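Worksheet: the structure to be examined is printed underneath.
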Amino acid sequence: MKKKVLSVLLSTAMVATMFAGCGSKKDEAASTDSTKDDAATEDTADEGDKAEDSGDAAPAGDMHFEIVSKGFQHAYWQAVKKGADNKAKELGVTINFVGPNTESDIADQVQMLNNAINAAPSAIGFAALDTQAALDAIQTAMDSGIPIIGFDSGVSGAPDGAVLANASTDNYAAGELAAEKTYEAIKDTIANASGTVRIGVLSQDATSESVGNRGLGFIDKMGELCIAAGKTVNVEGNQKFIADSKVEKTEGANVIIEVAVPATVDASLSKTDCETLLNKDDTIAIYGSNQHSGEAMVSANETLQKFGTGEGKVIGVAFDSGAVIKGAVADGTFLGAITQAPVAMGEKLVELLVAAANGESVADTDTGCQWYTAENMDSEEIAQNLYD
């Protein structure tokens, strides 16, 4: 009997111990969950504080941008893409850079812009081939709340508020730089001249804003430099450039800046304009304000052989790049040329896209230009911006 009572007591004690053990583990688990909840609450509070500190800006890593260029296969646009890729990697964002095969494929570009909008990016970079053709797509982007940043020639004629800013070359300033570099090479000739000296300006047209500003920047700065040196200056030739220039009309001037513009944008006509200038005895320098005009200068010189930097030679300065102009700079036919900075353009574009996506105020940005010569054109800084 005693054995039975002892056995019952032992069994009861064991069961009580088991219940006590189970209760201990349950309490421990509850305590652990509570700790996790407290930690999660603290983390959430910290994240809330961080979000409050950073305002409404989205994390850069969450941003994706669509960039629609005027072309894609051309080396110039590849240089813009290189800059955009570099800056996107630096800022931790992603981009999709596209463009039609040629700059006459307007319909293809409009479709690419529509595709970009459908991708619902944080913002869009756009260099329009034809703004009018893209108006419906631009309106769709506005209605969808997608900011647009223009680049290169931008989106000229877009509705107010559609394009927040533009990343492009300040063409007037680029023309001024060309004048400064040209003047350095001819200032002694101007100072020592006993008669009139002539400086030619070749422009493919008088209507394009970019080409016009490159010409006017050159004319105005050259006039300013010559007048500061005690010379009188007069602008002759194309009436549009005469009217728009800051140089006042002066009869019997010491320095003549003659602007030649062909009746149509035609290579042979521009070549003839250059030949006419080269055949004038008082011509000491000629500036071509874009790739078309620069190549016409090379063509005109093939038979006349008057460009160069030696005694009795005419100083030649061009704008833009391309194999023909680069060759003329490399072999000394041209003193040098101005190139846009497409790599810097791509970098500035992405910076503006990020700012616009974060709701920050943005403004038009000059992406700069560079003066290149035979001495520096192979440097990494310059070479990345030269294209064929």
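The values are calculated or read from the model by the stated rules, or taken from the named source; none is laboratory data. The shown structure was predicted, so the numbers you read here are calculated from the model rather than taken from an experiment. As a convention, Cβ positions derive from the backbone with ideal geometry for all residues, glycine included, and neighbour counts pool all protein chains shown. All accessible areas refer to the heavy atoms of the entire protein, side chains included, with ligands and DNA or RNA removed. Shrake-Rupley method; radii C 1.70, N 1.55, O 1.52, S 1.80 Å.
What to note about this one:
- Summed over the stretch 266-294, residues that are open to solvent by 10 Å² or more (accessible area, probe 1.4 Å) and in a helix (DSSP H, G or I) total 10.
- Those residues of the stretch 175-202 which are out of contact with any Asp or Glu (no Cβ under 9 Å at 6 or more places or on another chain) and either closer than 30 Å to Glu347 by Cβ or free of Cβ contacts under 8 Å to residues at least 60 places away in the same chain (or both), in sequence order: Leu177, Ala178, Glu180, Lys181, Thr182, Tyr183, Glu184, Lys187, Asp188, Ala191, Asn192, Ser194
- Only one entry of Gly215, Gly223, Gly237 meets the criterion of being open to solvent by 30 Å² or more (accessible area, probe 1.4 Å) and either at pLDDT 95 or above or closer than 27 Å to Ser168 by Cα (or both), and that entry is Gly237.
- Within the stretch 172-203, the residues that satisfy the criterion of being among the hydrophobic types (A, V, I, L, M, F, W, C), assigned to a helix (DSSP H, G or I) and open to solvent by 30 Å² or more (accessible area, probe 1.4 Å) are Ala173, Leu177, Ala185, Ala191.
- The condition of being part of a loop (DSSP other than H, G, I, E, B), of a type in the set (Ser, Thr, Tyr) and under 25 Å from Thr207 (Cα atoms) holds for only one of Ser321, Ser299, that being Ser321.
- Every pair of residues 6+ apart whose Cβ atoms lie under 6 Å, when the first sits in the stretch 102-126 and is under 14 Å from Phe65 (Cα atoms) while the second is open to solvent by 40 Å² or more (accessible area, probe 1.4 Å) and assigned to a helix (DSSP H, G or I): Ile117/Thr140
- The stretch 357-388, subset part of a loop (DSSP other than H, G, I, E, B), closer than 26 Å to Ala165 by Cα and charged (D, E, K, R), residue most open to solvent (accessible area, probe 1.4 Å): Asp364
- Restricting Ser156, Ser210 to those that are of a type outside the set (Val, Ile, Thr), over 20 Å from Val233 (Cβ atoms), touching a residue at least 24 places away in the same chain (Cβ under 8 Å) and assigned to a helix (DSSP H, G or I) reduces the list to Ser210.
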